[in-house]
1. When the stretch 20-45 is examined, which residues are found to be in a strand (DSSP E or B) and touching a residue at least 40 places away in the same chain (Cβ under 8 Å)?
2. Would you check which residues across the stretch 46-56 are surrounded by 11 or more Cβ atoms within 10 Å (Cβ to Cβ) and either under 16 Å from residue 1 (Cα atoms) or out of contact with any helix residue (DSSP H, G or I) (no Cβ under 7 Å at 6 or more places or on another chain) (or both) and list them?
3. Quick test of your reading of the structure: residue 60 fulfils all but one of (1) free of Cβ contacts under 8 Å to residues at least 40 places away in the same chain; (2) within 18 Å of residue 5 (Cα to Cα). Name the failing condition by number.
4. Identify, please: which residue in the stretch 21-35 is over 19 Å from residue 48 (Cβ atoms) and surrounded by 13 or more Cβ atoms within 10 Å (Cβ to Cβ) and is, among those, nearest to the chain's Cα centre (by Cα)?
5. If you go through the stretch 29-79, how many residues are out of contact with any strand residue (DSSP E or B) (no Cβ under 9 Å at 6 or more places or on another chain) and within 21 Å of residue 15 (Cβ to Cβ)?
6. Can you tell which of 11, 59 is buried (at least 16 other Cβ atoms within 10 Å of the Cβ) and either in contact with a helix residue (DSSP H, G or I) (Cβ under 6 Å, 6 or more places away or on another chain) or on the phi < 0 side of the Ramachandran plot (or both)?
7. For the stretch 64-79, does any single residue satisfy the condition of being out of contact with any helix residue (DSSP H, G or I) (no Cβ under 8 Å at 6 or more places or on another chain), outside any strand (DSSP E or B) and surrounded by 10 or more Cβ atoms within 10 Å (Cβ to Cβ)?
């Protein structure tokens, strides 16, 4: 499992989630080409997640996410 990443929450597709004040659904996700490996905290399934960045002016947010199931996203952040 990847270290340095923290499980934040599970959200529905389009459900508001802010990182550094930026709602992730209101910005284009830039894939960094990096991945993390995490375990779903509820069911224990292992996932390899891409790491994304979003930007708005001087504000940048970095996170990892993938769909745990159709329309259900797991969100992880560094920290």
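1. Once the filter is applied, which keeps residues that are in a strand (DSSP E or B) and touching a residue at least 40 places away in the same chain (Cβ under 8 Å), the stretch 20-45 yields only 36.
2. Matches in the stretch 46-56: 47, 48, 49, 50, 51, 52, 53, 55, 56.
3. (1)
4. 24
5. Total satisfying the criteria: 2.
6. Selected residue: 11, the only one of 11, 59 that is buried (at least 16 other Cβ atoms within 10 Å of the Cβ) and either in contact with a helix residue (DSSP H, G or I) (Cβ under 6 Å, 6 or more places away or on another chain) or on the phi < 0 side of the Ramachandran plot (or both).
7. Checked the stretch 64-79: at least one residue is out of contact with any helix residue (DSSP H, G or I) (no Cβ under 8 Å at 6 or more places or on another chain), outside any strand (DSSP E or B) and surrounded by 10 or more Cβ atoms within 10 Å (Cβ to Cβ).
Coordinate-derived values only; no laboratory data. All values derive from a computational prediction rather than experimental measurement. Here Cβ is always computed from backbone atoms with ideal geometry, including for glycine, and neighbour counts include all displayed protein chains.
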